[in-house]
Amino acid sequence: MKSLPFTVVLVVSVVVVFVCAESLDFPWWLRLITVMGVMTVLEAANQAVGRARASRKAAAPES
């Protein structure tokens, strides 16, 4: 898998917010901030993995 699709990132964010809302009783504005935070973290991890894979591929000798 090259990277996570946007739909997976969105679903994971919504699940995290639902769990936080139910267990921690977050207000609506904190739920929105949580969605954006989780999406940002997952997208940053996607990009970091993609860049590491690309640099590893570029550094590998051609066989």
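The values are calculated or read from the model by the stated rules, or taken from the named source; none is laboratory data. Keep in mind that this is a model prediction, so the values were computed, not measured. Accessible surface is based on the protein model in full, side chains and every heavy atom, while ligands, DNA and RNA are left aside. Shrake-Rupley method; radii C 1.70, N 1.55, O 1.52, S 1.80 Å.
Of note:
- Rounded to the nearest 10 degrees, the angle from helix 6-24 to the longest Cα principal axis of the chain is 30 degrees.
- Per residue, in Å², the accessible surface of the chain once ligands and nucleic acids are set aside, probe 1.4 Å: 80 Å²
- Helix 28-59 axis, angle to the chain major axis (alpha carbon atoms, nearest 10°): 10 degrees
- The apolar share of the surface of the chain, taken as the fraction of accessible area on carbon and sulfur atoms (1.4 Å probe, ligands and nucleic acids excluded), comes to 71 percent.
- Length added when fully stretched, residue 56-residue 12, from 0.36 nm per residue minus Cα-Cα: 13.0 nm
- Which labelled figure in (1) 1.49; (2) 1.53; (3) 1.02 is Cα Rg over 2.2 N^0.38 Å, once derived from the coordinates: (2)
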